[in-house]
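Each reported figure results from applying straightforward, stated rules to the coordinates on display, with no laboratory input. It should be emphasised that the depicted structure is a prediction, and the values quoted were computed from it without experimental measurement. Cβ placement follows ideal geometry from the backbone for every residue including glycine, while neighbour counts extend to all protein chains displayed.
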Amino acid sequence: MRYKVVDKPDGGARKLHSQPVPLLGGLAVWLAVSAVIIYYATATDLLIGKDISVTQVVSIIIGGACLMGGGFLDDKYGLKPGQQIFWPVAAAVVAISGGVLVTTITNPLGGLIKLNQSWPYLGLALTFFWLLGMMYTTKLLDGLDGLVSGVGLIASLIIFGLTQVTPFYQPPVGLLALIVAGACAGFLVWNWHPAKIFLGEGGSLYIGFMLGVLAIISGSKIATALLVMGVPVLDVAWVIGRRLLWDRKSLAAADRRHLHHRLLDVGLSHRQAVVFLYAVTAVFGLTALFLGSVGKLKALLVLLVVMIILGATLVGFYNKKKRDDK
């Protein structure tokens, strides 16, 4: 508040708060995660090993620092979209340089496809766009108090659960997931509606960055992460498609067409909308613990159908409500 790094209300056009709210909350999340990672990496033998290397840990911390720096500049000075994207791109490049890479993907028909041997450049491209996609998913999801920090908490706990089952047993990755979950939980106390502080640009990107990293180092569990983050990913895809194909607007243009805004428009309270999205995230995320590769693909198709039905239902309710109000 002293340095005026705040999110000012806009009269309800898109922003829901009525008083200026401090930004830069993501800095607290990054500092907490980084401090605990450094402790476990230097004072214990629980984190560094065959599953997580020193270079990966360093790149995760530096990548987060890139997001914090860019996030501060954007929250303080309001960067243009061309300037904003530099920082998540830098974070993704740093992570890849440190060894955070998709090296294998599961073949739904059986076996593994080793990208590092057959198509190394495909692995690099897939990692880059995966991390960038996850960062922008949580960035665009950050429209309700506690939504991104809560989804980050749920997703991290599900990835932790996955690392504890026998076929994918990875205690170090599970520890990293718990560190992220703990930071999200601690921040959620202050971010719950009515929020006392927001994640800001850097924080909303950082949670997506960490979830993307966790999905990769847990054995390229891309399908698992897509199930956990399926609702926001499909919501973002719908919003981007609509802006480009129907409204012919810039991707940087803000609006109230996201799923969480639709839930508010049909009469749910702020907290009800957030809890509903928590529940959907948890249900589809938990299925990842019990399904194989083919099962996860089927679950993703089910999720797509659910999102189409939910979207059509919400639009119908909203249009009916508008007619009734007239």
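Points worth noting:
- Sequence ranges 152-163, 205-216, ranked by mean other-Cβ count within 10 angstrom, highest first: 205-216, 152-163
- On Cα atoms only, tilt of 54-77 relative to the major axis of the chain in degrees: 20 degrees
- Helical content of the chain, expressed as a calculated mean residue ellipticity at 222 nm, amounts to -22000 deg cm²/dmol (DSSP H runs of 4 or more residues, -39,500 (n - 2.57) each, divided by residue number, nearest 500).
- Distance between segment 181-212 and segment 263-278 - C-alpha centres, whole angstrom: 18 Å
- TRP238, TRP130 arranged by Cβ crowding within 10 Å, fewest neighbours leading: TRP238, TRP130
- Fully extended contour minus Cα-Cα distance, from LYS80 to VAL305, at 0.36 nm per residue: 77.4 nm
- Unsatisfied cross-links (Cα-Cα over 30 Å) in the set LYS80/LYS298; LYS80/LYS196; LYS8/LYS296; LYS4/LYS80: LYS80/LYS298; LYS8/LYS296
- Degrees between helix 293-325 axis and first principal axis of the chain (Cα, 0 to 90, nearest 10): 10 degrees
- For ASP7, the residues whose modelled amide H falls within less than 5 Å of its own, excluding neighbours fewer than 5 places apart on the same chain, are VAL21, LEU23.
- Residues TRP87, TRP190, arranged from fewest to most other Cβ atoms within 10 angstrom of their Cβ, appear as TRP190, TRP87.
- Between the helical axis of 230-241 and the longest alpha-carbon principal axis of the chain there is an angle of about 60 degrees.
- Rounded to the nearest 0.05, the FRET efficiency derived from the C-beta distance between LEU268 and THR44 at R0 = 30 Å is 0.10.
- Cβ-Cβ FRET estimate between SER53 and ALA28, R0 fixed at 30 Å, reported to 0.05: 0.65
- Added length on full extension, which subtracts the Cα-Cα distance from 0.36 nm per residue, LEU289 to TRP192: 32.1 nm
- In the chain, a dipole from Cβ-located charges (positive for Lys and Arg, negative for Asp and Glu) runs towards its positive end, and of SER53, THR127, ALA35 it is THR127 whose Cα lies farthest in that direction.
- Net length available on complete extension from GLN19 to ILE113 is 28.6 nm, with 0.36 nm assigned per residue and the Cα-Cα distance removed.
- Label-point separation in nm, PHE317 to TYR278, each point 7 Å along Cα→Cβ: 1.9 nm
- As a proxy for reagent exposure, ILE179, ILE217 were ordered by neighbouring Cβ count within 10 angstrom, fewest first; the result is ILE179, ILE217.
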